[in-house]
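K.L.:
Sharing a structure below in structure tokens format, with a few things to ask.
The values are calculated or read from the model by the stated rules, or taken from the named source; none is laboratory data. Predicted, not measured: the structure shown is a model, and the values here were computed from it. Cβ: placed from backbone, ideal geometry, glycine included. Neighbour counts: every protein chain shown.
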Amino acid sequence: MANVLLKNITKRFDQVVAVNNVSLEIADREFVVLVGPSGCGKTTTLRMIAGLEEITEGDIYIGDQLVNMLAPKDRNIAMVFQSYALYPHMKVFDNMAFGLKMRRVSKEERSKRVQKAAEILGIEALLERKPKQLSGGQRQRVALGRAIVRNPDVFLFDEPLSNLDAKLRVQMRTELKKLHDRLNATVVYVTHDQVEAMTMGDRIVVLKDGLIQQVGTPLELYNQPANLFVAGFIGSPAMNFIPCQLLEEDSKIYVNTGDFKVALLDSVASQVRSAVEEKYIFGIRPEDFREKSPEQKPYVGWEPIKATVNVIEPLGKEISLNITTGTNSMTAVLGADTKAKLHEDIDLLMNMEKIHLFRKEGGEAIV
Ligand SMILES: Nc1ncnc2c1ncn2[C@@H]1O[C@H](COP(=O)(O)OP(=O)(O)OP(=O)(O)O)[C@@H](O)[C@H]1O
Ligand SMILES: [Mg+2]
């Protein structure tokens, strides 16, 4: 069993609070991704789990064991870093076996484990080469191999793919997921790339300034972001945000941005009726627009707006538009068959089931 439990973990470096009262339960064999902007405390959290960084406050358990005072080598974890620093003078085989040798694992056992890891990673043919005779992706695999041979209960990955080019990164992403299935190990994976987080994590933990913003499955975070930060961080192109006020008229509630006025669905209206006077930020994802043709009857649940097209970016199967409604600029992604023309007006519909409202004060999501 290798569940990992963080209980009210805080890390202070003098004046800097790098990790602020983080509590998190990672299940055995789960793939959890810590994601957030630079400096939000991802590496520090990982290093505390590994035992490379002392904990200022709180407790960490691996399995059922409190590990606060346990040396890194006794935690049965393996960490893979962004800069994987292979020993240049050693062959791939020896690079992979080195940690085991240090731990006095027998020669026979070392050989067995390296062979098995090489097989899993598809690098059997490279064992006799030196690191400089390998491509970036192959080197990354060797670094993974070095972790795999340890048979750890928990793998800790700190941006292991960020040195690879875009194509290789996508490929290694898939391979790491497959590896996770095969190894049956718990994984804590750090990245600042939300696409990597979305595609790899069973669950994602979004951090900002050392604080957990939200924990959830990729789709939970995408569809129900807890606050403005998560809403803006997860998803590409990013969600559109427009300051707005709510108006109550004829027992309906409208979002009024100053540029356009759209009715909330009754189910949504009931959630905000008691606080219409507050200030809000209206949020809509680029894909929640659709083009309205002139002859079309109104759709239930969709509200019309008129916008001007400023930029047209063909993405292949879709087209991304930069549009303005009065003073506000937004991104809308439409099908490639759109009739949108540069500098002309366009009639759009917004899917009111998919909209979000955040409190301007504090950014908390209320819808
Ligand atoms: N040894 C240290 N001494 C002082 N401050 C530190 C130290 N290590 C990290 N910090 C600070 O703690 C905060 C969190 O750093 P951390 O390395 O965990 O961020 P990160 O989320 O991994 O960022 P990145 O995406 O840039 O790797 C930052 O403000 C950083 O400057
Ligand atoms: Mg880091």
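K.L.:
Inspect all residues belonging to the stretch 301-315 and state whether any of them is more than 26 Å from Leu247 (Cα to Cα) and either touching a Lys or Arg at 6+ places or on another chain (Cβ under 7 Å) or surrounded by 20 or more Cβ atoms within 10 Å (Cβ to Cβ) (or both). Write out each step before concluding.
P.N.:
As a first pass, look at the stretch 301-315 and keep what is more than 26 Å from Leu247 (Cα to Cα): 309-315.
Now narrow it down to the ones that are either touching a Lys or Arg at 6+ places or on another chain (Cβ under 7 Å) or surrounded by 20 or more Cβ atoms within 10 Å (Cβ to Cβ) (or both): 309.
Looking for residues that are more than 26 Å from Leu247 (Cα to Cα) and either touching a Lys or Arg at 6+ places or on another chain (Cβ under 7 Å) or surrounded by 20 or more Cβ atoms within 10 Å (Cβ to Cβ) (or both), one finds at least one in the stretch 301-315, hence yes.
K.L.:
Additional query: So which residues in the stretch 88-119 are among the acidic types (Asp, Glu) and under 22 Å from Gln133 (Cα atoms)? I'd like the intermediate steps shown before the answer.
P.N.:
The initial filter retains those residues of the stretch 88-119 that are among the acidic types (Asp, Glu), namely 94, 108-109, 119.
Passing the criteria: Asp94, Glu119.
K.L.:
Can you go through Val35, Val17 and tell me which one is of a type outside the set (Phe, Trp, Tyr), within 24 Å of Gly235 (Cβ to Cβ) and touching a residue at least 40 places away in the same chain (Cβ under 8 Å)?
P.N.:
On the way: Val17 fails: within 24 Å of Gly235 (Cβ to Cβ).
Criteria check complete, one pass: Val35.
K.L.:
Would you confirm whether any residue within the stretch 197-206 is assigned to a loop (DSSP other than H, G, I, E, B), within 16 Å of the chain's Cα centre (by Cα), over 20 Å from Glu25 (Cα atoms) and assigned by TED's automatic domain parsing to the domain that holds Lys11? I'd like the intermediate steps shown before the answer.
P.N.:
So the first thing to find is which residues in the stretch 197-206 are assigned to a loop (DSSP other than H, G, I, E, B), and the list is 201-202.
With the extra rule that they be within 16 Å of the chain's Cα centre (by Cα), the set shrinks to 201-202.
Filter again for over 20 Å from Glu25 (Cα atoms), leaving none.
Within the stretch 197-206 (the criterion being assigned to a loop (DSSP other than H, G, I, E, B), within 16 Å of the chain's Cα centre (by Cα), over 20 Å from Glu25 (Cα atoms) and assigned by TED's automatic domain parsing to the domain that holds Lys11), the answer is no, since none of the residues qualifies.
K.L.:
Return a yes/no flag: does the stretch 326-348 have any residue that is charged (D, E, K, R), under 25 Å from Pro225 (Cβ atoms) and not assigned by TED's automatic domain parsing to the domain that holds Leu228.
P.N.:
no
K.L.:
Same structure, new question: Scanning the stretch 282-301 for residues that are at pLDDT 95 or above and aromatic (Phe, Trp, Tyr), which turns out nearest to Gly232 (Cα to Cα)?
P.N.:
Applying the filter and picking the extreme gives Phe282.
K.L.:
Let me confirm something: among Asn3, Asn8, which residue is in contact with a Ser or Thr (Cβ under 9 Å, 6 or more places away or on another chain) and farther than 21 Å from Ala78 by Cβ? Quick ask: steps written out before the conclusion?
P.N.:
Values: Asn3 fails: farther than 21 Å from Ala78 by Cβ.
Only one candidate passes the filter, namely Asn8.
K.L.:
Now for a separate question. Considering the stretch 74-114 alone, what residues qualify as being within 29 Å of the chain's Cα centre (by Cα) and loosely packed, with under 14 Cβ neighbours inside 10 Å? Give the derivation first.
P.N.:
Step one: list which residues in the stretch 74-114 are within 29 Å of the chain's Cα centre (by Cα), which gives 75-86.
Within the stretch 74-114, Ser83, Ala85 meet the criteria.
K.L.:
May I pose another question? Name the residue that is nearest to Val67 (Cα to Cα), counting only residues in the stretch 1-51 that are crowded, with 20+ Cβ neighbours inside 10 Å, more than 9 Å from ligand 1 (Cβ to nearest atom) and not aliphatic (A, V, I, L, M).
P.N.:
Residue satisfying both the conditions and the ranking: Gly51.
K.L.:
Of the numbered conditions (1) out of contact with any helix residue (DSSP H, G or I) (no Cβ under 6 Å at 6 or more places or on another chain); (2) among the aliphatic types (A, V, I, L, M); (3) crowded, with 18+ Cβ neighbours inside 10 Å; (4) more than 19 Å from Met96 (Cβ to Cβ), Val190 satisfies every one except a single condition; which is it?
P.N.:
Every listed condition holds for Val190 apart from (1).
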